[in-house]
Amino acid sequence: MKNIRINKLIERAKGLPLFKIAIIASFFLLFNLLYPYKKYKRITLKEGDIALEDVIAPFTFPILKTEEELEEEKKKVRESVMPVVIRESAKVKQIKKVMNAFFTEVKRIKNKNIELQEKLKELGEMNPLISETTYKKLLSIRGASIEKEFLKLASAIIKKGVIADKTQILQRGGMILLVGKKETFIRPDDILDSKEIAEEIRRSKFKYSDEEDIMEVMVELAIFFIEPFLSIDTEKTKLGEEVQVAKVSEKKGTVLKGEMIAAAHYSVTKGAWEKIISLEFEKDRRGIKRRYSAGLSILGRNFLFSLLLLFLFFYLYSYKRAVFRNDLSLLLIVVLFFISLGFGYLVLSIKWLPNYAIPVAIASLALALLLDTEIAIAVTLTLSLAIGIYTGLRFPEFLIALLTGITGAFSVRKLRRRAQFYESILFIFAVYLIGITSIELLRLSELKEIIRNVEFGGLASVFSVFFVMGILPVFERFFGVTTDLTLLEISDLNRPLLKRLSMEAPGTFHHSIVIGSLAEAAAEGIGANSLLARVGAYYHDIGKLKKPEYYADNQIGIKNPHDKLSPKMSALIVISHAKDGIEIAKKNRLPKPVIDIIKEHHGKTLIVPFYQKAIATNPKGKVSEHDFRYTGPRPHSKESAIVMLADAVEATCRSLENPTPSRLKGAIRQVINNRFNDFELDEAGLTMRDLHKIGESFLPIILGVYHQRPEYPERTGSPVQ
């Protein structure tokens with residue numbers, strides 16, 4: 001069962017339109033790559049700015065200390081933490097051992113039966129740093145008593161504790177003495193540093209404390225023997241500092257939900273600015289922005305973008321099926337969409353540029369010219385909403401983008417000359433001017449700010465138009481799209497190919513001009529591209545240049561060469577003019593829509609005169625209708641079908657012997673009905689209403705060309721004097 005389901009999924013996957021999937025994927029990829037993550041801030045007010053609207057707390061949040069305040073407080077905390085001091089017990093033992101060894105040696109030398117000078121000499125050699133005066137005192141009668149008193153003093157000093165320098169302890173008001181795991185608070189006065197040993201002995205009361213000479217002996221020995229054995233444990237002290245620093249609160253107050261932070265039209269104070277910064281930080285912390293829930297933010301905006309794409313693709317599928325099926329057209333929409341969105345990203349990334357300067361009109365103008373106005377408007381709406389997402393769902397930017405884009409699309413809807421591009425600039429700028437001014441007046445912005453925004457709007461309108469003018473030829477060539485500008489260029493009757501047609505096949509040239517007028521009027525009547533219809537009509541018969549004399553248009557004053565040919569051969573020559581026309585068109589680089597009209601303007605119609613002649617000359621033989629039909633294809637566009645009908649109507653009406661208005665009207669109706677009944681118009685997308693309007697559009701022009709004119713009698717008699 002599972003295998004059957006998997007196989008079904010594989011079969012369905014094989015049928016998926018991979019290019020369209022790639023286009024959708026590229027939409028999402030580029031949308032996220034161009035998203036201006038760092039640009040948009042909900043509140044960008046700084047100290048001293050004027051608030052344009054009330055800033056009210058959306059929820060309760062703490063006021064954060066500034067970095068300077070926090071660092072200053074942390075510094076004070078570090079300086080207040082008491083250093084951890086350790087007692088080096090091994091060093092204490094070593095000090096006591098050295099002192100005892102010293103006095104033992106003094107006793108030994110004192111008991112020697114030698115002269116005093118020799119004793120002093122021997123003691124000096126033992127420890128030259130101790131003065132001779134001290135040795136004399138130790139060798140005297142009171143030496144043993146002095147030793148006893150010194151050791152008592154030394155023991156008291158060691159018990160108190162000695163450190164090399166207690167400046168840091170004094171600054172921090174004490175220390176923590178660490179013995180094993182036991183911590184004891186010690187005040188600065190409870191210990192000594194190396195400089196205080198002498199002073200401590202002088203303050204002490206002992207047996208000989210009143211005798212200055214013995215006092216100096218005690219001081220000298222104490223300074224010599226008692227080294228600092230208390231030391232600051234830097235690592236533990238720093239750890240203690242960090243523990244206390246970690247307890248420092250980053251908050252210095254609270255803003256309650258609904259509390260006014262900054263009032264509209266007032267300067268932002270330092271306190272208000274600090275609250276705004278704290279609010280933005282709290283938004284980040286709660287995940288409204290990117291820090292802790294970037295995934296949710298990405299998910300949210302992509303869901304919104306999915307809805308926009310769904311709207312765009314549904315519109316194209318429902319109302320512009322031909323464009324939806326054309327992969328190059330979809331790619332064109334993607335490229336232009338992201339050119340505008342790319343410029344939007346650039347504008348939003350440059351802080352001094354107003355968001356109004358996003359040139360959405362680039363996509364609108366180009367799509368209106370390359371595809372059609374309706375598609376341009378649909379894409380503009382989607383693009384404007386995407387810009388709204390980029391700017392944090394801000395309505396003003398969306399509105400200006402939408403209005404300028406739609407204005408751009410309409411301004412080139414019927415482009416018939418390049419000067420209309422400059423008119424587009426004026427139209428788009430007018431919308432920027434009115435739209436921006438209106439919005440900023442509602443916001444009570446300053447005049448200079450309004451002028452600045454309008455100026456950038458003007459630059460955006462100029463840039464959009466000139467950018468489109470520059471990329472248009474490239475896009476036409478790359479995407480195989482033909483704009484009205486190109487059609488206007490090739491509609492010039494002085495172009496070499498049309499000039500050649502007028503010289504080598506004048507009848508065909510005149511016929512094409514009439515067809516052009518008919519096709520243009522009919523296309524305007526049903527809302528098709530009238531310019532394409534007219535230009536296609538000019539070139540539809542250029543294949544007749546190869547053998548112009550074989551066509552009735554050009555057989556004025558000459559014998560018909562078909563009289564000497566078999567009907568089948570005549571049909572082959574006539575049929576070939578469509579194929580010859582395609583070759584000539586490609587050689588002269590005519591646009592594809594015009595080539596399609598050349599290819600399709602006869603569809604698969606029957607060449608009736610030659611077919612009837614073949615039947616007449618071969619009454620008993622079989623005549624294949626296939627040999628006398630054009631090879632097609634049938635018209636696939638309204639413009640191509642209009643040229644087909646105009647061609648047939650003109651030829652039919654020209655052949656009428658008595659072209660009265662009623663007969664001309666009947667002939668037009670008959671031609672259209674015949675083409676409809678022969679299924680030649682099935683693929684052109686024309687409705688019955690369209691066909692009726694086409695017939696009505698043909699009639700005035702046909703009457704103007706082929707109506708009967710009254711005969712004027714020749715003038716007789718003498719001229720008036």
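The values are calculated or read from the model by the stated rules, or taken from the named source; none is laboratory data. No experiment lies behind these values; they were computed from the predicted model shown. Every residue, glycine as well, gets a Cβ built from its backbone with ideal geometry; the counts of neighbours run over all protein chains shown.
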Item checked: Lone qualifier among Val462, Val454 - being more than 19 Å from Ala363 (Cα to Cα) and either in contact (Cβ under 8 Å) with a residue 24 or more places away in the chain or buried (at least 16 other Cβ atoms within 10 Å of the Cβ) (or both) -> Val454
Next item on the list: Hey, can you tell me all the residues within the range 215-265 that are within 30 Å of Leu45 (Cβ to Cβ) and more than 37 Å from the chain's Cα centre (by Cα)?
Entry: Val248, Ser249, Lys252, Gly253, Thr254
Next item on the list: Taking Ser155 as the residue in question, decide whether it is surrounded by fewer than 18 Cβ atoms within 10 Å (Cβ to Cβ), touching a Leu at 6+ places or on another chain (Cβ under 7 Å) and small (Gly, Ala, Ser).
Entry: no
Checklist line | Options Glu583, Glu625; residue that is outside the structural domain of Asn326 (by TED's automatic domain parsing), surrounded by fewer than 22 Cβ atoms within 10 Å (Cβ to Cβ) and modelled with pLDDT under 90 | finding: Glu625
Next item on the list: Considering every residue within the range 380-403, establish whether at least one is modelled with pLDDT of 90 or more, within 21 Å of Val481 (Cα to Cα), part of a helix (DSSP H, G or I) and not hydroxyl-bearing (Ser, Thr, Tyr).
Entry: no
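If you scan the range 465-482, which residues turn out to be in contact (Cβ under 8 Å) with a residue 12 or more places away in the chain, farther than 18 Å from Leu426 by Cβ, out of contact with any Asp or Glu (no Cβ under 8 Å at 6 or more places or on another chain) and not aliphatic (A, V, I, L, M)?
Selection gives Phe475, Glu476, Phe479, Gly480.
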Margin query: Quick check on Leu279: is it outside any strand (DSSP E or B), over 15 Å from the mean Cα position of the chain (by Cα) and not assigned by TED's automatic domain parsing to the domain that holds Ser464?
Written below: yes
Next item on the list: Could you check how many residues of the range 547-561 are of a type in the set (Lys, Arg) and in contact with a His (Cβ under 9 Å, 6 or more places away or on another chain)?
Entry: 1
Notebook entry, point to check: buried (at least 22 other Cβ atoms within 10 Å of the Cβ) and under 54 Å from the mean Cα position of the chain (by Cα): does that describe Leu532?
Noted result: yes
Notebook entry, point to check: Looking at the range 114-134, which of the residues that are in a helix (DSSP H, G or I) and touching a residue at least 60 places away in the same chain (Cβ under 8 Å) is surrounded by the fewest Cβ atoms within 10 Å (Cβ to Cβ)?
Noted result: Thr133
Checklist line | Restricting the range 487-507 to residues that are over 21 Å from Ala552 (Cα atoms) and among the polar types (S, T, N, Q), the residue that is surrounded by the fewest Cβ atoms within 10 Å (Cβ to Cβ) | finding: Asn494
Notebook entry, point to check: Being in contact with a Ser or Thr (Cβ under 6 Å, 6 or more places away or on another chain), modelled with pLDDT of 90 or more and either not β-branched (Val, Ile, Thr) or not assigned by TED's automatic domain parsing to the domain that holds Lys693 (or both), is that true of even one residue in the range 487-497?
Noted result: no
Next item on the list: State the number of residues belonging to the range 199-239 that are of a type in the set (Gly, Ala, Ser) and either without any contact (Cβ under 8 Å) to a residue 24 or more places away in the chain or buried (at least 17 other Cβ atoms within 10 Å of the Cβ) (or both).
Entry: 2
Check: How about the range 207-236: which of its residues are in a loop (DSSP other than H, G, I, E, B), over 14 Å from Glu196 (Cβ atoms) and not charged (D, E, K, R)?
Finding: Tyr208, Ser209, Phe229
Note to self: I'd like to check something: does the range 165-188 contain any residue that is surrounded by 13 or more Cβ atoms within 10 Å (Cβ to Cβ) and closer than 23 Å to Asn100 by Cα?
What the structure shows: no
Check: Just checking, how many residues over the range 80-113 are loosely packed, with under 12 Cβ neighbours inside 10 Å and among the aliphatic types (A, V, I, L, M)?
Finding: 2
Next item on the list: Check whether at least one residue in the range 267-276 is at pLDDT below 80 and of a type outside the set (Ser, Thr, Tyr), and report yes or no.
Entry: no
Next item on the list: Could you list, in sequence order, all residues of the range 155-173 that are assigned to a helix (DSSP H, G or I) and under 17 Å from Ile201 (Cα atoms)?
Entry: Ser155, Ala156, Ile157, Ile158, Lys159, Lys160
Margin query: For Thr184, only one of the following conditions fails: (1) modelled with pLDDT of 80 or more; (2) among the polar types (S, T, N, Q); (3) part of a helix (DSSP H, G or I). What is its number?
Written below: (3)
